[in-house]
């Protein structure tokens, strides 16, 4: 089967991993059964291809990776004896003989071979099944999320109106009225509220800037005081929660694409932004609101962080926002409020 370059037989204790191992094909009848795991075979092509390749799985039972380099002599043009012309059939016959063997050694090799035991179609079916399970779980959780709501939009609107009536032209008095009423209405075993009314942080989101005081934050609800004495405007964001802006002081304007007239929300009114909708809005000088959102609150957080990461780079504010929000979410989870 051609003249080999050299012949090298290694002891089995040294053959756990061999990268190149050129075989004297004329000695195939005397091949040692060694513990090879990786085998690179180089040889000159002739009619003994099938005989050689069929013996590999018997001679090397622990083989897991096989790399073959077949060299052919120069053949005359249009020669019927050109070995390259019979290469596909030769390899096919060798593969059938090698992989279809019913012997135990052949089975072991097939199990350990470098060919994947699972085809790509099976993998994609498994991934699709996993994706369907995750989507079904999300739909189920979305359908039952109302079970975890504690606060009520109507009650909060009435509370905002009562705060305006009790402390007209006094924003601090309105906030104190709201917090004291909430703590008296809802027991601490039902919902955790942040009573530190001095814990304000900047909020940059959608191009608008103001400050907020987080009264409550959980997985499905948040309640904050938001506003600015200077005025601001921007994009509301596109959220996975319903948002209710109860105007305490000042006035808010808003509009949606296609509207030729703006929406006006004076003190005492509520601006409801249904989930999945977006508007441009403007809060005039000295405008503050009691903002309540119900839905999947963690999915709203990227909107609240994006301006800091891409524009203001106010890392201390980002830190305090995450610290307070995370603390309040954990406080509520500890009492079973999702």
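The values are calculated or read from the model by the stated rules, or taken from the named source; none is laboratory data. Everything quoted here is computed from the prediction, not taken from an experiment. All Cβ positions, glycine included, derive from the backbone under ideal geometry; neighbour counts span all protein chains shown.
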(Q) On the basis of being at pLDDT 95 or above, part of a helix (DSSP H, G or I), buried (at least 16 other Cβ atoms within 10 Å of the Cβ) and out of contact with any strand residue (DSSP E or B) (no Cβ under 8 Å at 6 or more places or on another chain), does residue 157 make the cut? (A) no
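Matching residues to (1) buried (at least 16 other Cβ atoms within 10 Å of the Cβ); (2) outside the structural domain of residue 247 (by TED's automatic domain parsing); (3) over 20 Å from residue 215 (Cα atoms):
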{"site": "268", "(1), (2), (3)": "no, no, no"}
{"site": "279", "(1), (2), (3)": "yes, no, yes"}
{"site": "282", "(1), (2), (3)": "yes, no, yes"}
{"site": "292", "(1), (2), (3)": "yes, no, no"}
Q | Filter pass, residue 142 being outside the structural domain of residue 250 (by TED's automatic domain parsing) and out of contact with any helix residue (DSSP H, G or I) (no Cβ under 7 Å at 6 or more places or on another chain) | A | yes
Q. Which of (1) modelled with pLDDT of 95 or more; (2) in contact with a helix residue (DSSP H, G or I) (Cβ under 9 Å, 6 or more places away or on another chain) does residue 239 not meet, given it meets every other one?
A. (1)
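Residues checked against (1) exposed (fewer than 15 other Cβ atoms within 10 Å of the Cβ); (2) closer than 21 Å to residue 157 by Cα; (3) over 34 Å from the mean Cα position of the chain (by Cα); (4) outside the structural domain of residue 208 (by TED's automatic domain parsing):
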{"residue": "259", "(1), (2), (3), (4)": "yes, no, yes, no"}
{"residue": "274", "(1), (2), (3), (4)": "yes, yes, no, no"}
{"residue": "297", "(1), (2), (3), (4)": "no, yes, no, no"}
{"residue": "310", "(1), (2), (3), (4)": "yes, no, no, no"}
{"residue": "316", "(1), (2), (3), (4)": "yes, no, no, no"}
(Q) Looking at the stretch 213-228, can you tell me whether even one residue there is more than 33 Å from the chain's Cα centre (by Cα) and assigned by TED's automatic domain parsing to the domain that holds residue 322? (A) yes
